[in-house]
Amino acid sequence: MASNVEAPDRWYLALLGFAEHFRTSSPPKIRLCVHCLQAVFQFKPPQRIEARTHLQLGSVLYHHTKNSDLARSHLEKAWYISQQLPQFEDVKFEAASILSELFCQQNLVDSAKPLLRKAIQISQQTPYWHCRLLFQLAQLHTLEKDLVSACDLLGVGAEYARVVGSEYTRALFLLSKGMLLLMERKLGEVHPLLTLCGTIVENWQGNPIQKESLRVFFLVLQVTHYLDAGQVKSVKPCLKQLQQCIQTISTLQDDEILPTNPADLFHWLPKEHMCVLVYLVTVMHSMQAGYLEKAQKYTDKALMQLEKLKMLDCSPILSTFQVILLEHIIMCRLVTGHKATALQEISQVCQLCQQSPRLFTNHAAQLHTLLGLYCISVNCMDNAEAQFTTALRLTTHQELWTYIVTNLASVYIREGNRHQELYNLLERINPDHNFPVSSHCLRAAAFYIRGLLSFFQGRYNEAKRFLRETLKMSNAEDLNRLTACSLVLLGHIFYVLGNHRESNNMVVPAMQLASKIPDMSVQLWSSALLKDLNKALGNGRDAHEATQMHQNFSQQLLQDHIAACSLPEHNLISWTDGPPPVQIQAQNGPTTSLASLL
């Protein structure tokens with residue numbers, strides 16, 4: 001009798017052992033693994049074994065094959081059978097979780113939502129699964145851009161975590177909600193929430209790595225909030241804390257002791273991902289502040305780390321980090337006079353977006369904006385206009401919209417014959433009245449654009465007023481590029497007005513700052529002015545030196561211009577619709593004007 005009872009255990013464990021052996025083989029032998037699991041049903045097993053086997057089959061098929069219909073069938077059976085069995089929470093809720101992921105993959109979001117809601121409703125006595133399913137449904141709403149529903153769910157999760165005594169997971173829910181509120185620009189709600197989070201994080205006594213990871217999450221939100229507001233100087237203390245925090249985490253040993261509260265069984269990001277994220281926000285800060293060599297250094301470190309991680313980890317967030325890093329370093333290259341490299345990196349972003357439709361949806365506007373900036377740098381103004389117009393059509397992000405409009409206005413100013421379009425744009429980014437965003441940096445840039453227009457129209461006093469406003473704002477927050485641009489333009493105005501001494505007082509610091517950034521266009525402009533100024537002031541040696549500098553900068557920019565326009569990727573400037581082109585045809589040499597560089 002005893003042997004009859006034990007027999008099912010023996011055959012089941014044997015088949016399970018074989019299945020696991022085949023699944024973990026190198027390379028995995030998924031077909032054999034599936035055969036072993038399917039063989040379990042031949043023995044007419046009890047319902048618990050039947051439900052668990054359906055879950056295992058569904059999971060293996062979902063994660064390792066393209067047979068999503070069969071995976072779905074097994075997961076639905078596991079979900080249906082497990083609901084009828086008492087004390088079978090792990091199988092029941094894991095089936096619901098994976099099945100909803102599969103529905104989302106098949107674009108059946110309307111099937112995933114009620115499934116997750118039902119699972120959330122019946123999981124309230126199982127803290128780990130209840131919290132996990134709330135996070136999952138909130139993420140689903142976020143992907144659908146329904147941030148209000150996502151915030152509501154995260155609020156429910158925070159309250160539930162408080163009730164079950166998990167301050168750690170409560171902080172995770174609240175920080176996630178804070179992140180979404182920042183995305184929605186609900187700053188009035190963000191500030192009290194982040195204050196509460198700061199208190200919870202500091203007071204929580206638990207696993208050191210978990211505590212530090214909460215601090216990283218909290219500080220990343222603070223830093224990105226400052227950077228979104230264009231407050232490059234004000235963010236420095238937070239950024240320093242964040243960098244110290246990630247150094248602390250990297251010295252801590254991973255603690256294998258599991259938390260006693262099952263609701264605490266979560267982590268925000270793996271330690272290695274957090275390191276890349278801190279590099280990323282450091283690059284964002286360096287780019288905004290105009291420390292471009294520092295931005296380059298941290299980008300190189302982050303991309304090297306990402307390449308290592310992507311060999312072992314296919315998490316989509318790594319591709320997102322990579323794209324954002326490339327977006328920032330491309331802007332750096334365009335400023336430092338490395339257009340050919342920037343163009344190749346734009347092509348790299350296109351390739352990453354080809355591999356992920358969601359990544360392309362989220363970054364299409366940024367990609368066209370970068371192409372617009374590249375077009376300005378090679379003097380293809382019609383293409384720049386087309387790229388910026390496409391980007392405006394694709395974005396709903398207010399800061400990005402304002403940034404694009406500012407750059408499009410600069411294109412219209414250079415073209416000189418688009419007066420009505422230009423005035424329509426400038427009315428929408430008036431820094432003196434109803435400016436569309438709270439960004440300090442973008443508002444300072446809007447004053448600069450007004451100053452540039454007034455300069456071209458010969459209204460020099462008005463131009464000086466706008467540029468002094470830009471200088472005041474950029475000095476307040478260490479916006480070095482805007483400072484350099486404003487100084488050289490003011491220097492140009494004083495030169496035109498015949499006030500050579502005052503012009504020199506502006507152009508010399510502009511040149512010093514541009515060299516420190518380094519900003520190749522401002523260096524070219526400054527050296528041209530210094531050449532003329534020193535001639536006017538009778539400083540022969542200084543005039544000769546400035547002439548030599550101007551020739552060197554012109555030559556470097558000219559060579560880079562020819563190299564960029566000769567690349568097959570240069571044809572990307574004509575792409576304004578649909579997904580990125582898969583293959584880029586070479587063309588016969590540069591076709592764009594070099595006059596603007598000389």
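The values are calculated or read from the model by the stated rules, or taken from the named source; none is laboratory data. The structure displayed is predicted, hence computed values, not measured ones. For neighbour counting, all protein chains shown are included, and Cβ atoms are generated from backbone atoms with ideal geometry for every residue, glycine included. For accessibility, only protein heavy atoms count, side chains too; no ligands or nucleic acids. Shrake-Rupley method; radii C 1.70, N 1.55, O 1.52, S 1.80 Å.
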Taking the options VAL223, VAL148, name whichever one is part of a helix (DSSP H, G or I), among the hydrophobic types (A, V, I, L, M, F, W, C) and open to solvent by 30 Å² or more (accessible area, probe 1.4 Å).
VAL148
Given the conditions (1) polar (S, T, N, Q); (2) open to solvent by 40 Å² or more (accessible area, probe 1.4 Å); (3) part of a helix (DSSP H, G or I), report the number of the one that THR53 does not fulfil.
(2)
Only unsatisfied item for GLU202, checking (1) among the charged types (D, E, K, R); (2) over 20 Å from THR282 (Cβ atoms); (3) free of Cβ contacts under 8 Å to residues at least 40 places away in the same chain; (4) crowded, with 16+ Cβ neighbours inside 10 Å, is (4)
Within the range 297-340, residues being crowded, with 17+ Cβ neighbours inside 10 Å, over 15 Å from the mean Cα position of the chain (by Cα) and free of Cβ contacts under 8 Å to residues at least 40 places away in the same chain number 4
Filter the range 176-202 down to residues that are over 16 Å from GLU159 (Cβ atoms) and hydrophobic (A, V, I, L, M, F, W, C), then give me how many there are.
9
For the range 540-598, give me the residue count where each residue is among the β-branched types (Val, Ile, Thr), closer than 30 Å to LEU530 by Cα and either at pLDDT 85 or above or more than 34 Å from the chain's Cα centre (by Cα) (or both).
2
Go through (1) open to solvent by 50 Å² or more (accessible area, probe 1.4 Å); (2) within 30 Å of LYS294 (Cα to Cα); (3) of a type in the set (Gly, Ala, Ser); (4) without any contact (Cβ under 8 Å) to a residue 60 or more places away in the chain and name the single condition SER521 misses.
(4)
Could you check the range 22-45 and list, in sequence order, the residues that are in contact (Cβ under 8 Å) with a residue 24 or more places away in the chain and of a type outside the set (Phe, Trp, Tyr)?
ARG23, PRO28, ILE30, CYS33, VAL34, ALA39, VAL40, PRO45
Scan the range 373-402 residue by residue and report those that are under 28 Å from LEU147 (Cβ atoms) and crowded, with 24+ Cβ neighbours inside 10 Å.
PHE388, ALA391
If we scan the range 530-549, do we find a residue that is under 24 Å from ASN379 (Cβ atoms) and loosely packed, with under 15 Cβ neighbours inside 10 Å?
no
Checking CYS151 against (1) touching a residue at least 12 places away in the same chain (Cβ under 8 Å); (2) closer than 18 Å to VAL91 by Cα, the condition it does not meet:
(2)
Inside the range 115-145, can you point out the residues that are among the small types (Gly, Ala, Ser), in a loop (DSSP other than H, G, I, E, B) and closer than 22 Å to MET183 by Cα?
none
Filter result for ARG481 (part of a helix (DSSP H, G or I), buried (at least 21 other Cβ atoms within 10 Å of the Cβ), at negative phi and of a type in the set (D, E, K, R)):
yes
Applying the selection to the range 433-451, what residues are in a helix (DSSP H, G or I), in contact with a Lys or Arg (Cβ under 9 Å, 6 or more places away or on another chain) and among the aliphatic types (A, V, I, L, M)?
ALA444
Check off (1) in a loop (DSSP other than H, G, I, E, B); (2) of a type outside the set (Phe, Trp, Tyr); (3) touching an Asp or Glu at 6+ places or on another chain (Cβ under 8 Å) for ILE249 and give me the number that stays unchecked.
(1)
Given the residues VAL488, VAL437, which is the only one that is touching a helix residue (DSSP H, G or I) at 6+ places or on another chain (Cβ under 6 Å) and modelled with pLDDT of 95 or more?
VAL488
Please enumerate the residues belonging to the range 159-188 that are among the charged types (D, E, K, R) and either modelled with pLDDT of 90 or more or in contact with a Pro (Cβ under 9 Å, 6 or more places away or on another chain) (or both).
GLU159, ARG162, GLU167, ARG170, LYS177
Filtered residues of the range 425-447 (kept if surrounded by fewer than 16 Cβ atoms within 10 Å (Cβ to Cβ) and either of a type in the set (Asp, Glu) or within 16 Å of LEU392 (Cα to Cα) (or both)):
GLU427, ARG428, ASP432
Just one listed residue, out of LEU367, LEU352, LEU359, is within 14 Å of the chain's Cα centre (by Cα), open to solvent by less than 20 Å² (accessible area, probe 1.4 Å) and at pLDDT 95 or above, and it is LEU367
Any hit, the range 84-95, residues being open to solvent by 70 Å² or more (accessible area, probe 1.4 Å), over 23 Å from GLN124 (Cα atoms) and part of a helix (DSSP H, G or I)
no
Qualifying residue in the range 484-500 (condition: in contact (Cβ under 8 Å) with a residue 40 or more places away in the chain, at positive phi and open to solvent by 20 Å² or more (accessible area, probe 1.4 Å)):
no
Is there any pair linking a residue in the range 399-410 that is within 19 Å of CYS380 (Cβ to Cβ) and free of Cβ contacts under 8 Å to residues at least 60 places away in the same chain to one that is open to solvent by less than 10 Å² (accessible area, probe 1.4 Å) and of a type in the set (Gly, Ala, Ser), with Cβ under 6 Å and at least six apart or on different chains, and which?
ILE404/ALA391
Note on the range 451-464: residues open to solvent by less than 50 Å² (accessible area, probe 1.4 Å) and touching a residue at least 12 places away in the same chain (Cβ under 8 Å) are GLY451, LEU452, LEU453, SER454, PHE455, ALA463, LYS464
For the range 225-246, what are the residues that are of a type outside the set (A, V, I, L, M, F, W, C) and either within 20 Å of LEU292 (Cβ to Cβ) or over 17 Å from the mean Cα position of the chain (by Cα) (or both)?
TYR226, GLY230, GLN231, LYS233, SER234, LYS236, PRO237, LYS240, GLN241, GLN243, GLN244
